[in-house]
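Below you'll find the structure, written out as structure tokens, and then a few comments.
Please treat every number below as a calculation from the coordinates, not as lab data. Keep in mind that this is a model prediction, so the values were computed, not measured. All Cβ positions, glycine included, derive from the backbone under ideal geometry; neighbour counts span all protein chains shown.
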Amino acid sequence: MRYREVRVTSQQLRENRADSGASAWTAKRREAYANDQDTPTSLIAVTAKSNRAKADKDPAEWLPPTATYHCAYVTGWVETKLRWDLAADDREREALLGLAEDCPGATVSYETAP
């Protein structure tokens, strides 16, 4: 894979964050989120193709093409939601609960963002 085919992206893109409560954030808080490198799950490396497919979709609408990565992806998604106090709508919550059943060994851990 060539480097230009890889993108570093936020776990949750702007449109999803806005729907989850980030639209009320101050500019300083948005900047802190965009530059959050204090946790390994805030920013993820993806292929350009996956980044386009994911767009602003939550796990109810999109999962990585590699099934063995689903648990890590969903765990990171939940950690980011909790870290930044972002809400999940009913559809997203139901999807996350269903996915969690397939990940019995997964552990969600996070520190609240400053």
Restricting the range 29-101 to trypsin sites (Lys or Arg not before Pro) in coil, as DSSP defines it, with at most 16 other Cβ within 10 Å = LYS57
Computed from the beta carbon distance with a Förster radius of 25 Å, FRET efficiency for TYR69 and SER23 to the nearest 0.05 stands at 0.30
Find how much the distance from VAL108 to GLU61 grows on full extension, using 0.36 nm per residue of separation minus their present alpha carbon separation; answer in nm with one decimal.
-> 14.8 nm
Between ALA53 and GLU31, what is the label-to-label distance in nm when each label sits 7 Å out along the Cα-to-Cβ direction?
-> 3.6
